[in-house]
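Chemist: Have a look at the structure that comes next, please.
The values are calculated or read from the model by the stated rules, or taken from the named source; none is laboratory data. Bear in mind that the values here come from a model prediction, so they are computed numbers and not experimental data. So basically every Cβ, Gly included, is an ideal-geometry build from the backbone, and we count neighbours across all protein chains shown. With ligands, DNA and RNA removed, areas are computed over all heavy atoms of the protein, side chains included. Shrake-Rupley method; radii C 1.70, N 1.55, O 1.52, S 1.80 Å.
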Amino acid sequence: MNKLTSRVIIAMMLIWVPLNWLGQDGTIRNESSLFCTPAQAAPAWLPWFGEEAAPLEFSELYSGASALGLEFSPKLESLKGKKVRISGFMAPPLKPTLNFFVLTKVPMAICPFCSTDADWPDDIVLIKLSEAVTALPFDRPITVTGQLELGYQMDEETGFVSLVRIVADNIEEAN
Amino acid sequence: MYNPKMSVLCLSRCFRLVVALLVVASLMSGVTVSYAAYRAPEVPNINIMPIDRAKFLVGQKFDFAIEVKSDTPASAIEVLVNGKKAETFFGKQAVVKFDNMSTYRINEVAFPQTSKVTVAVTVKTEKGTEKRTVNYEVPADKIKKPAKNVILFVGDGMSLQARQMARILSKGITEGKYNDLLEMEKMSNLALITTSGNDSLVTDSANSASAYATGHKSTVNAMGVYADSTKDPFDDPKVENIIELVKRTRGMSAGIVSTANITDATPAAMLAHTRKRSEQNFIAQEMLNPLHRPDVILGGGSRHFLPKSVPGSKRSDERNIIEEFKELGYPIATNKTQLKQAGTPDKLLGLFQLDNMDVYVDREVTKNPAVLGKFTDQPTLMDMTKTAINVLSKNQKGFFLMVEGASIDKQLHAMDWQRATYDTIEMDKAVGIAKEFAKKNGDTLIIVVADHAHGASITGTYHEKDGKTGREAVRIYADAGWPTFADADGDGFPDNPNPDVTLAVQFANHPDYYENEKFLDVPTSPAIMADGKAIANTKRAPQGGDLKVGNIPASDPSEVHSADDVPLTAEGPGADYFKGIMDNTEVFHGIVRALGLDGRNEKK
Ligand SMILES: [Zn+2]
């Protein structure tokens, strides 16, 4: 990310934050709640309480790794298509208008000169949302619940490659 | 009576009087040291690439290009090289396009003779004519006894202070005298290198490595090209680089070794041509191009070599670059064990991490599983350097090898001077291996240089033994005393990265971050991006620390490169070239002079 795009992002954030805030009143639980993107018609803060969301850790994603590639762990494979819950940190979005963001094990800094957009660690989870990402705290852990997707996928708009994805139905601050 | 003593005294008095009178006279007549006047930089409407004052190896290939910015399209561009029409001089047709950004280009040309060159460009537009003249140099400097091999060590971001931190930690200091110097400091020649690119005072690693590899300045994020105004990262006018030259003119072998992604800026600049260093998939496949295919490739970053269907790949196509190298006869090593087993084949591809290799402390000292994951068998930079030399030195025509200590920079960006210093020591030990090889044969030039600096400086020491913490525990002047690092096993690395008295290393530039001077168990970014702004990472100082308010734009979450000159040390045939203060492009000219390369030759 170069300086210009960062500036654009800041500018976009300034415009986006109030707009989205106003447009989402029904989904905001209270001040401390981060945000919710209701993927279903039902109120976003209700459905998953009753369902089993399998807990997942970043360290459980891959069972094998070498210079010749990664291997999904049996646990990850067994949860494909099922509801999972994982905690991590939201990495700054590549663009403010994207309806996905990257969840990482530790808070991330993207160095504009020693890193590029492709320079993400291997153990990341892409979080899909039904709406564009709005202002979120990036320095506090969040817990994402949703359906697990596995396999290569490239975002057409950004070229961002992901292997592990969660279609989020709830995001909240981790305890 | 004759008194010789008096007479000498008298003479010396006379002499002093004469000098004094001369000084007074020179002051009165206004004779002083004169300084050349200069103007503030301005962007000319006629952009000539290569740029003014560019220096070429005779026969070195390059694309000659001109861009002309004008309100109305230009109607004619006339180019004279030493008074001759450029097309006649180069013996090639130019491609000319007239627009508001008119272009004139002749690809793949070279200067056939050593000489001074003047290029005069005249552009005609509706408003009249505009002229610009640039001067080039094609030096005739010849070495008497050339080197057979050159090994170039690039400590990425390895400033003078980074070298000194490594000296303190690796060798120790007693009563103010260092117990020993680093391998990279015990070399015959020392120069200071200026690091700016042609676009900006402060460089990045692509731009500066490109200066070392081509002898030409480039632009931030670019390598092997002069950056033109178009968006396309692959159409910029190229200049021939060192790997292309040693292969084309002499059939030498070439190798690149790095602890980073092997497609990262520094190793990539030895062979590739692109405006955009982030095109790492392109750079990976360019390594197959026979024009600049390295015989030895060792480092991290296999993710740019694996087809996209393999989990962990960052490629956008199904090309399997590793398989393509295998088909060319390259044995493949993916861990230290396999590297050892590879022996000394004629060529070798070793990729030991999907991403950058882990740093020395994590790999070899703490071996922290939380950091390494499954990558517990990565070779050291010493292992890789030794193997590379063994393989490359089989070629009787000689070799060029570039070895990069990449994470010195990456860790200084993260303001983790301990991890940076262990990696500096690791590179120093690799230099020691190269020196041992050079000693046996006496025909190898070794150069150790940084590509740019970082704003890290040693203020004194830091300890909390008397209960003081934070800034009050930074010990300055006499209170500093000595840090308590020790190397009991004599492996060159201090046994404990976190002794009770450590160095107080402070940074001239930084984002908002927490500092507690202690060694971090796990590499941790000083700041993270939040809403487009870098904010201090609370994970950084788990035991608590002082918040340091950033002094660079909040758009950058890391410490950034500084424009400081960097030291270069060298030894071997041709090392005499390196002395005083030199432009970074001179590193290339020192290399090609040492090898006695002539760009007009074609290998038989
Ligand atoms: Zn850097």
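Chemist: Would you calculate the separation in nanometres between label points at A:Tyr152 and B:Glu327, each defined as 7 Å from the Cα along the Cα-to-beta-carbon direction?
Modeler: Label-label distance for A:Tyr152 and B:Glu327, simple model: 1.7 nm.
Chemist: Given a 1.4 Å probe, how much area per residue of chain B is accessible, in Å²?
Modeler: Accessible area per residue: 43 Å².
Chemist: Also, quick follow-up: From the phi of every residue in the stretch B:300-309, what ³J(HN,Hα) in whole Hz does the Karplus formula 6.51 cos²θ - 1.76 cosθ + 1.60 yield, where θ is phi - 60° and glycine or proline is x?
Modeler: x, x, 5, 4, 8, 10, 9, x, 4, 6
Chemist: Same structure, new question: Residues with beta-carbon under 11 Å from that of B:Ser558, excluding B:Ser558: net charge, scoring Lys, Arg +1 and Asp, Glu -1? Let's see the in-between values first.
Modeler: Numbers: positive: B:Lys410; negative: B:Asp409, B:Asp416, B:Asp556, B:Glu559.
Net charge around B:Ser558: -3.
Chemist: Using a 1.4 angstrom probe on heavy atoms only, work out the carbon and sulfur share of the accessible area of the protein assembly as shown in %. Could you put the intermediate results ahead of the total?
Modeler: On the way: 18300 of 33780 Å².
Heavy-atom surface of the protein assembly as shown belonging to carbon and sulfur, 1.4 Å probe: 54 percent.
Chemist: Mind giving me the FRET efficiency for B:Asp489 and B:Leu190? R0 is 30 Å, r the Cβ-Cβ distance, nearest 0.05 is fine. Kindly include the intermediate steps, with their values, before the conclusion.
Modeler: Values: r = 31 Å, r/R0 = 1.02.
Calculated transfer efficiency: 0.45.
Chemist: Right, here's the next one. When the gyration tensor of the protein assembly as shown is built from Cα positions, what are the square roots of 5 times its three eigenvalues, in whole Å, from largest to smallest?
Modeler: Over the Cα atoms of the protein assembly as shown, the semi-axes work out to 47, 35, 29 Å.
Chemist: If you average the C-alpha positions of the stretch B:236-288 and of the stretch B:91-130 separately, how far apart do those two centres end up, in angstrom?
Modeler: The distance from the Cα centre of the stretch B:236-288 to that of the stretch B:91-130 comes to 28 Å.
Chemist: To continue, here is another question. At 0.36 nm per residue, and after removing the present C-alpha to C-alpha distance, how many nm does the segment from B:Asp377 to B:Ile51 gain when stretched out fully?
Modeler: Working: separation 326, 0.36 × 326 = 117.36 nm, distance 4.63 nm.
Gain on extension, B:Asp377 to B:Ile51, equals 112.7 nm.
Chemist: Under a Cβ-only charge scheme (Lys and Arg +1, Asp and Glu -1), can you give me the dipole magnitude of the stretch B:195-400 about the Cα centre, in debye to the nearest 20? Could you put the intermediate results ahead of the total?
Modeler: Numbers: 25 positive and 24 negative charges, 93 e Å.
Result for the stretch B:195-400 is approximately 440 debye, rounded to the nearest 20.
Chemist: Threshold 50 Å², probe 1.4 Å: give the residues of the stretch B:352-376, in number order, that are less accessible with all protein chains present than with their chain alone.
Modeler: B:Leu354, B:Lys374
Chemist: While we're on this one: Give me the percent relative contact order of the stretch B:46-138, please, defined on Cα pairs under 8 angstrom at least 6 residues apart.
Modeler: Worked out over the stretch B:46-138, it gives 38 percent.
Chemist: Once you order the gyration tensor axes a ≥ b ≥ c over the Cα atoms, which shape class does the stretch B:46-138 get: rounded for a/c under 1.5, otherwise prolate or oblate by comparing a/b with b/c?
Modeler: Details: a/c = 2.15, a/b = 1.86, b/c = 1.16.
Taking the square roots of the gyration eigenvalues as a ≥ b ≥ c, the stretch B:46-138 is prolate.
Chemist: Taking amide H positions as placed in the peptide plane 1.01 Å from N, state which residues far from B:Ala450 in sequence (5 or more) or on other chains have amide H under 5 Å from it.
Modeler: HN-HN under 5 Å from B:Ala450: B:Gly155.
Chemist: Loop-only GluC sites (Glu not before Pro) in the stretch B:171-236, please: DSSP not H, G, I, E or B, and at most 10 other Cβ atoms within 10 Å.
Modeler: B:Glu175
Chemist: Hey, what number do you get for chain B at 222 nm if only DSSP H runs of n ≥ 4 count, each worth -39500 (n - 2.57), divided across all residues, to the nearest 500? Display every interim value, and only then the final one.
Modeler: Details: 15 runs with 149 residues, N = 604.
Value at 222 nm, helices only: -7000 deg cm²/dmol.
Chemist: Rank B:Met223, B:Ser196, B:Pro369 by how far each Cα sits towards the positive end of the charge dipole of the stretch B:195-400 (+1 on Lys, Arg Cβ; -1 on Asp, Glu Cβ) and give me just the farthest.
Modeler: B:Pro369
Chemist: Any idea how far the Cα center of the stretch B:536-566 sits from the one of the stretch B:468-530, in Å?
Modeler: Rounded to whole Å, the Cα centres lie 14 Å apart.
Chemist: What are the residues whose amide H is under 5 Å from the amide H of B:Val58, where those residues sit 5 or more places off or on another chain and H is modelled from the backbone?
Modeler: When sequence neighbours closer than 5 places are left aside, the close amide H contacts are B:Gly599.
Chemist: Apply the membrane-span-like helix rule to chain B: whole DSSP H runs, Cα extent along the own long axis of at least 15 Å, mean Kyte-Doolittle hydropathy at least 1.0. List the helices found. Mind dumping the intermediate values first?
Modeler: On the way: long enough: B:4-28 (36 Å, 1.68); B:160-171 (16 Å, -0.26); B:381-392 (16 Å, 0.80); B:417-441 (36 Å, -0.80); B:585-595 (16 Å, 0.82).
Passing helices, by number: B:4-28.
Chemist: Could you compute the net charge surrounding B:Pro573? Neighbours are other residues with a C-beta less than 11 Å from the C-beta of B:Pro573; K and R count +1, D and E count -1.
Modeler: Values: positive: B:Lys144, B:Lys145, B:Lys148, B:Arg593; negative: B:Asp443, B:Glu571, B:Asp576.
Around B:Pro573, the charge tally is +1.
Chemist: For the stretch B:468-596, take N as its residue count and report Rg(C-alpha) divided by 2.2 N^0.38 Å.
Modeler: Details: Rg = 20.2 Å, N = 129, 2.2 N^0.38 = 13.9 Å.
Taking N as the residue count of the stretch B:468-596, the ratio is 1.45.
Chemist: Same structure again: Under 16 Å from the 7 Å Cα→Cβ point of B:Lys579, by amide nitrogen: which residues of the stretch B:181-196?
Modeler: B:187-193
Chemist: While we're here: At B:Thr230 and B:Val117, where each label point lies 7 Å from the Cα along Cα→Cβ, what is the point-to-point distance in nanometres?
Modeler: Output for this residue pair reads 2.2 nm.
Chemist: Could you give each residue of the stretch A:141-149 its phi-based ³J(HN,Hα) in whole Hz, using Karplus coefficients 6.51, -1.76, 1.60 with θ = phi - 60°, and x for Gly or Pro?
Modeler: x, 10, 10, 10, 10, x, 7, 7, 10
Chemist: Please report, in cubic angstrom per residue, the volume enclosed by the convex hull of the alpha-carbon atoms of the stretch B:137-207. Could the numbers behind the result be given before it?
Modeler: Numbers: hull volume 11.8 nm³, N = 71.
With only Cα atoms used, the stretch B:137-207 gives 166 Å³ per residue.
Chemist: Might you report the magnitude of the Cβ-based charge dipole of the stretch B:140-217 about its Cα centre, with Lys and Arg at +1 and Asp and Glu at -1, to the nearest 20 debye?
Modeler: Working: 10 positive and 8 negative charges, 92 e Å.
Once rounded to the nearest 20, the dipole reads 440 debye.
Chemist: Let me ask you something else. What is the calculated FRET efficiency for B:Glu78 to B:Asp141, with r their C-beta to C-beta distance and R₀ = 51 Å, to the nearest 0.05? Please list the in-between numbers first.
Modeler: Details: r = 32 Å, r/R0 = 0.64.
Calculated value: 0.95.
Chemist: Still on this structure: I need the chymotrypsin sites (Phe, Trp or Tyr not before Pro) found in the stretch B:488-557, filtered to DSSP loop residues with at most 16 other beta carbons within 10 Å of theirs.
Modeler: On the way: sites: B:Phe507, B:Tyr513, B:Tyr514, B:Phe519; in loops: B:Phe519.
Those satisfying the criteria are B:Phe519.
Chemist: Two decimals, Cα atoms only, Kirkwood Rh: what is Rg/Rh over chain B? Provide the component values of the computation, followed by the final result.
Modeler: Working: Rg = 26.9 Å, Rh = 26.3 Å.
My calculation of the ratio gives 1.02.
Chemist: What does the buried accessible surface come to for A and B, summed over both chains, with the probe at 1.4 Å? Round to 100 Å².
Modeler: Using a 1.4 Å probe, the pair buries roughly 3400 Å².
Chemist: Now a separate question. Please give the contour-minus-distance gain from B:Ala563 to B:Asn498: 0.36 nm per residue of separation, less the Cα-Cα distance, rounded to one decimal in nm. Please report the intermediate quantities before stating the final value.
Modeler: Working: separation 65, 0.36 × 65 = 23.40 nm, distance 2.98 nm.
20.4 nm is the gain from fully extending B:Ala563 to B:Asn498.
Chemist: Could you size up the charge dipole of the protein assembly as shown around its Cα centre, putting +1 on the beta carbon of Lys and Arg and -1 on that of Asp and Glu, and report it in debye to the nearest 20?
Modeler: Details: 85 positive and 97 negative charges, 624 e Å.
About 3000 debye.
Chemist: Give me the extension gain from B:Val96 to B:Leu291: residue separation times 0.36 nm, minus the current Cα-Cα distance, reported in nm with one decimal. Write out the running numbers ahead of the final one.
Modeler: Details: separation 195, 0.36 × 195 = 70.20 nm, distance 2.73 nm.
67.5 nm is the gain from fully extending B:Val96 to B:Leu291.
Chemist: Sticking with this structure for a sec: List the residues, sorted by chain then number, that are 5 or more residues from B:Leu503 or on another chain and whose placed amide H is less than 5 Å from its amide H.
Modeler: Counting only residues 5 or more places away or on other chains, the set is B:Tyr462.
Chemist: Something else about it: Quick check: net charge around B:Gly442, other residues with Cβ under 15 Å of its Cβ, Lys/Arg +1 and Asp/Glu -1? All intermediate terms of the calculation are to be shown ahead of the outcome.
Modeler: Values: positive: B:Lys144, B:Lys145, B:Lys148, B:Lys435, B:Lys439, B:Lys440; negative: B:Glu436, B:Asp443, B:Glu571, B:Asp576.
For residues surrounding B:Gly442, the net value is +2.
Chemist: Right, next: Could you derive backbone 3J(HN,Hα) for the stretch B:219-225 from the dihedral phi with the Karplus parameters 6.51, -1.76 and 1.60 (θ = phi - 60°), listing whole Hz in sequence and x where the residue is Gly or Pro?
Modeler: 10, 3, 6, 10, 8, x, 9
Chemist: If you don't mind, there's one more thing I want to ask. Considering only DSSP states other than H, G, I, E and B, which GluC sites (Glu not before Pro) in the stretch B:53-136 qualify as loop sites with at most 15 other Cβ atoms within 10 Å?
Modeler: On the way: sites: B:Glu67, B:Glu78, B:Glu87, B:Glu108, B:Glu126, B:Glu130; in loops: B:Glu126.
Sites meeting the loop and neighbour criteria: B:Glu126.
Chemist: Can you tell me the FRET efficiency between B:Thr174 and B:Thr459 if r is taken as the Cβ-Cβ distance and R0 is 22 Å, rounded to the nearest 0.05? Intermediate results must be reported in sequence, preceding the final value.
Modeler: On the way: r = 21 Å, r/R0 = 0.95.
Given R0 = 22 Å and the Cβ-Cβ separation, E is 0.55.
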